[in-house]
Structure formats: C-alpha cells, structure tokens
Amino acid sequence: MSTTTHEEDRSSAEELRRRYREAKDPVERSHHQIAWLLAEGRTVREAAGYSERWVRELSRRYREGGAEGLSDRRHGNPGGAGRALLTLEQQEELRAALEAPPPDGGLWSSRKVAGWIGRGTGRRGVRAQRGWEYLRRLGHTPQVPRPSDADPEEREAFKKSSPDG
C-alpha cells in the first residue's frame, strides 16, 4: 500500500498553498497545509502534524469535497450559538466597551473581560479563558501593562544586556 493518499496536479497544490497562506482560522489553515503537502507528493507521515489516521481523514474529505471539505466543521455544530456566553447584541456592547479603558483603569485583560461578561450576564465565576476567547473573537489581544516598579538601574542594565539594547 502506498503511503501517499493522493497526487494532485501542480495547479491544485498551488491553490492549496494559497489557501493555506490566506486562511485566518488556525484549524482550516492546518487542514490546508496537510492537503497541500500531500498534493505535492509528501507521504502521510511527512505531512502529519496530527495522527496518520486524521491526515487520511482530511485527505478523504479533500477528495470528496475539494478545498471546502477541509473547513473546520465545528463552526457548524448545532446549538453553538445557544451555548455562547454572549448574544450578538452583548458582543456588540463588549466591542464598544473595549474601545474605552476598563472601569478600573489600565488595559483590558482576559480577566477584566471575563469580569465584564460576568457582570453583564449575571453569571458567576466566568473564567479568564472565556475573556480571552471573546477578546480574540472581537479582534483584540489581551493587553498587559509593562512593569513600572523596576529599579531604574536594573532597567538600564537590562536594556544594555538585551539584544535590542
């Protein structure tokens, strides 16, 4: 049995490479990368960043559905919107809130967003991970202020010893 699952023509490999480079969703990106490597003639083992069984499954999905078969199918799971912490309206409220400094000052962090979600939904114990997920979903990154309590001499010594200093 051959260890390659499919051999596509060069234009197909180039199309998969383009889709891999342009993919925004990290799961779809890795699926396109695996299909691209297989289309270039790499073996399942060479293309695997996952189990060989999963690489073969992705190859089957590509053969049957083309590049669209490589999508992250979790996005279409039924009930996902019903399990979300925030409604679309609440997400827009959070988006607006993120444009201003947080109520306690400083910068928005995962923990602060989780607190905002808890207050807005009445849920107790919203974890910082959920705050991070909503920050990323809304196109933000968690912000952490730089330490400001360091000794000025230590700061200068650090700057001199750092590669950028």
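Might you let me know whether region 110-133 holds any residue that is at pLDDT 85 or above, among the aliphatic types (A, V, I, L, M) and more than 30 Å from ARG29 (Cβ to Cβ)? No; the residues of region 110-133 include none that is at pLDDT 85 or above, among the aliphatic types (A, V, I, L, M) and more than 30 Å from ARG29 (Cβ to Cβ).
Applying the criterion of being among the polar types (S, T, N, Q) and more than 22 Å from LEU138 (Cα to Cα) to the residues of region 50-75, the residue that is modelled with the highest pLDDT is SER59. Flag: VAL44 does not match the condition of being β-branched (Val, Ile, Thr) and within 22 Å of the chain's Cα centre (by Cα).
The single condition among (1) surrounded by 10 or more Cβ atoms within 10 Å (Cβ to Cβ); (2) at pLDDT below 90 that PRO78 does not satisfy is (1). Scanning region 103-115 for residues that are within 19 Å of GLY139 (Cβ to Cβ) and surrounded by 17 or more Cβ atoms within 10 Å (Cβ to Cβ) returns TRP108, SER109, SER110, LYS112, VAL113, ALA114. Would you say ALA67 is in contact (Cβ under 8 Å) with a residue 40 or more places away in the chain and either out of contact with any Gly (no Cβ under 8 Å at 6 or more places or on another chain) or surrounded by 18 or more Cβ atoms within 10 Å (Cβ to Cβ) (or both)? Criteria met by ALA67.
The values are calculated or read from the model by the stated rules, or taken from the named source; none is laboratory data. Keep in mind that what you see is a predicted model, and the values were worked out from it rather than measured. Glycine also receives a Cβ, built like all others from the backbone with ideal geometry; neighbour counts cover every protein chain displayed.
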